[in-house]
Each structure stands twice: as C-alpha cells, then as structure tokens.
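For reference, the structure discussed in these notes is given below.
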Amino acid sequence: MILRGSDIETEAEPENAILFKRMVRRDLHGPDLSLTWVRLEGRHRRLVCHESERVYYIIEGSATFALGEGEPQPVDSGDVVVIPRGIPYGFEGRITYLVMNGPAFRPGSDIYLE
C-alpha cells in the first residue's frame, strides 16, 4: 500500500497550535499502528494517553518536551521522543514531526490536563 501525502486532507487543531495529516489511521488501516504528520507552531497542551505508546520523530525545527514531572528538554531535527502510555507530557516550539502510536490512535483517547 502506498499513501500519498498530497491526497490526505490537512486538518487544524488551533487549541494545540497544530496542522496535521492522519496518514495511517485506525479506521482505514487497522488497530495496530497509526502515523500522523504534524506541524506545531506554539504550545501543545499538556496531555496523557493511557491507550498507546507514542514515538515522535522530529523532522524539522526545535522544541522542548516535558515528560512526567521532569524538566523540559530541548529537541531538534533528527531527534526521537518516546512517550510510554500513561505518562503526562507537554511540548512547545516550531517543529514538523511524525507521531506514531501503537496501538493506533483512537480519537478521544487523549486526556488534556489543562
């Protein structure tokens, strides 16, 4: 299967300062894995997901991620951030990234903490 990014609708989530494309989706491709292309310009609200492990791959830009109660850590293009399920986190900056979820992201599974 080949998915063309140009064929996938760009969506917006202004409350999290993101534009995104749901590339590999639970409803279309199965429950095991999802992949979303995202552009963040600002601050993403702090959240937690108890259903999926998440891996963020930073394509371009720089940001800071705060995992659990830890201090925010800088990330740049080429870096990977792994978020275990159940760990609260937040981030901010100007980055383009891919986020992979296993099992696949389910709308409504994010719990916002602010």
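Calculate, for L113 and V82, the FRET efficiency according to 1/(1 + (r/R0)^6) with r their C-beta to C-beta distance and R0 25 Å; round to the nearest 0.05.
Values: r = 19 Å, r/R0 = 0.77.
Efficiency computed from Cβ-Cβ geometry: 0.80.
With an 8 Å cut-off on Cα pairs and a minimum separation of 6 or more residues, tell me the relative contact order of the chain in percent.
On the way: 285 pairs, mean separation 36.2, N = 114.
Result for the chain is 32 percent.
For the chain, what is the charge dipole size about the Cα centre, in debye to the nearest 20, if Lys and Arg each add +1 at the Cβ and Asp and Glu each add -1 at the Cβ? Mind showing how you got there, number by number?
Details: 13 positive and 18 negative charges, 49 e Å.
It comes to approximately 240 debye.
Read-outs: derived from the displayed coordinates by stated rules, not from any lab. Nothing here was measured: the structure is a model prediction, and the numbers come from that model. Virtual Cβ from ideal backbone geometry, glycine too; neighbours counted across all protein chains shown.
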